[in-house]
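Right, one structure below, let's go through it.
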Amino acid sequence: MDSTSPRLVLVTGCDTGIGRKLAESFRRARLDVYRTGLNPPRMGDLAKQGIRTLRLDVTNLREVSELQQAITQQGLRVNILVTVSAR
């Protein structure tokens, strides 16, 4: 990966707490951030910071596959995966 390629961080389990703080920290480091959780409406809006929020149940293989396809279709790849999910 060259220095001009987008660096994508995917943080799971960002409903509250440490996952949210990690997503914010990665964004401040100028990384592209996707954060996931079970209930996006309750997760608060971080779009103003450039953080994308998506619903994901990490125990649901269909949802995981759909997220992977969505990221790939945008020409992106996950460079850093942080799993904070409690499940």
message = Can you order the peptides 46-59, 24-37, 67-80 by their average number of other Cβ atoms within 10 Å per residue, highest first?
response = 24-37, 46-59, 67-80
request  = For R42 paired with Q68, estimate the spin-label separation in nm (one decimal), with each label point 7 Å from Cα along the Cα-to-Cβ line.
outcome  = 2.8
request  = In whole Hz, with x marking every Gly and Pro, tabulate ³J(HN,Hα) for the range 63-74 from phi via Karplus 6.51 cos²θ - 1.76 cosθ + 1.60, θ = phi - 60°.
outcome  = 5, 4, 5, 5, 5, 4, 5, 4, 5, 5, 5, 8
key: Helix-derived mean residue ellipticity, 222 nm - over the chain, DSSP H n ≥ 4, -39500 (n - 2.57), to 500   = -9000 deg cm²/dmol
query = How big is the chain on each of its three principal axes, counting only the C-alpha atoms and giving the largest first in Å?
reply = 34, 27, 19
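FYI, it's all coordinate maths here, none of it is from the lab. Because the structure is predicted, anything quoted here is derived from the model rather than measured. Reconstructed Cβ throughout: ideal geometry from the backbone, glycine too, with neighbour counts over all protein chains shown.
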